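Peer 1: Below you'll find the structure I mean.
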Amino acid sequence: MKKVAIVGVEGSGKTVMLAGLGELYSKPDEQGYFLSPKNFATASYVADKIARMRQGEWPTATAEDVLQGLDWSIRRKGEGATRPQDVCEVSCLDFAGEVYRAAFGIRAEGSEDLSSEAESLKAYVQNADDVIVLINLRDIIVNGIRDKRVQESLWITKSILQYALESRSGRKEPRAALVLTQADSYADTIRAC
């Protein structure tokens, strides 16, 4: 079964996007497609995040010692079929920003050794059939391209994309996509550019 991985540096919107998608597609759409949590941890995590966001709380950054795995099956309920069919798997391992830096960027002096987590992140990207890389458009527009954190995030994002595209030689079709989160808030700016 095809596996889709969703990655992005801290603040890129992985948690919000996945919680929103989990809520939006919990019931079949017009073509019968829906997301089905693969385990109780995913279902309860999404329910908790949606409830908090409805109360006006924005998700906090993932802590270094937390690795939250969110796993769904995209399923399709066909006409006349008694059981929905699995189409593909979607997963997100929510690594802390420091792990992205250790795997694809520059490790900060004095930071702990995250080499095993960095290798897990690289294996996660390499073993996926398709990779969706998120980047927060708001950070770029509000803070500007000259901001050190924005530059680092863009550099790491570029490294993730490059790794995803090159980690399986011989593939003919692209296996990565870049998604700009919070783009809906900047539709006028996007049109102007």
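Peer 1: Among the residues in the range 138-148, are any over 19 Å from Ala183 (Cα atoms) and buried (at least 20 other Cβ atoms within 10 Å of the Cβ)?
Peer 2: Within the range 138-148, not a single residue is over 19 Å from Ala183 (Cα atoms) and buried (at least 20 other Cβ atoms within 10 Å of the Cβ).
Peer 1: Which numbered condition in (1) touching an Asp or Glu at 6+ places or on another chain (Cβ under 8 Å); (2) in a strand (DSSP E or B); (3) at pLDDT below 80 is the only one that Leu93 fails?
Peer 2: Looking at each condition in turn, Leu93 falls short on (1).
Peer 1: If you go through the range 19-37 one residue at a time, do you hit one that is in contact with a Leu (Cβ under 8 Å, 6 or more places away or on another chain), of a type in the set (A, V, I, L, M), under 29 Å from Asp139 (Cα atoms) and open to solvent by less than 20 Å² (accessible area, probe 1.4 Å)?
Peer 2: Within the range 19-37, none of the residues are in contact with a Leu (Cβ under 8 Å, 6 or more places away or on another chain), of a type in the set (A, V, I, L, M), under 29 Å from Asp139 (Cα atoms) and open to solvent by less than 20 Å² (accessible area, probe 1.4 Å).
Peer 1: With the checklist (1) at pLDDT below 75; (2) touching a helix residue (DSSP H, G or I) at 6+ places or on another chain (Cβ under 6 Å) in hand, flag the one item Ala103 doesn't pass.
Peer 2: Condition not satisfied by Ala103: (1).
The values are calculated or read from the model by the stated rules, or taken from the named source; none is laboratory data. Since we're looking at a predicted model, the values are computed, not measured. In this analysis, Cβ positions are derived from the backbone assuming ideal geometry, glycine residues included, and neighbour counts consider all displayed protein chains. Note: areas computed on protein heavy atoms with side chains; ligands, DNA, RNA excluded. Shrake-Rupley method; radii C 1.70, N 1.55, O 1.52, S 1.80 Å.
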